[in-house]
1. State all residues of region 2-47 that are β-branched (Val, Ile, Thr) and within 21 Å of Met65 (Cβ to Cβ); if no residue qualifies, say none.
2. I'd like the residue in region 19-76 that is at pLDDT below 85 and of a type in the set (Ser, Thr, Tyr) and, out of all such residues, is nearest to Ile4 (Cα to Cα).
Amino acid sequence: MQRILKEHKVARWQEEEYVYRVAWRTIHDWVMAQLAFYETDIVEMGQLFLPFAMVNEHETLYEEMMNGKFCWGQTQKR
């Protein structure tokens with residue numbers, strides 16, 4: 001976050017507390033935007049928060065769960 005603020009010539013980029021507040025605000029805004037998608041039935045909750053968790057080269061954790069291949073607390077051979 002500091003690097004980005006510095007690149008954008010934000011005067012307070014060296015203030016650690018300011019950088020943390022900007023980072024947390026960015027996360028907050030992203031989560032609120034994702035929840036707006038959920039509340040309007042555009043996506044399911046799992047799609048919002050598991051889109052980048054990959055279980056293999058071609059499949060996300062969400063896709064594996066939806067295909068019924070995800071086993072809670074068990075290991076599964078491929």
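1. Result: Val31, Ile42, Val43.
2. Filtering first and then ranking leaves Tyr20.
The values are calculated or read from the model by the stated rules, or taken from the named source; none is laboratory data. Note that this is a predicted model, so its numbers are computed, not measured. Every residue, glycine among them, receives a Cβ derived from its backbone with ideal geometry; neighbour counts consider all protein chains shown.
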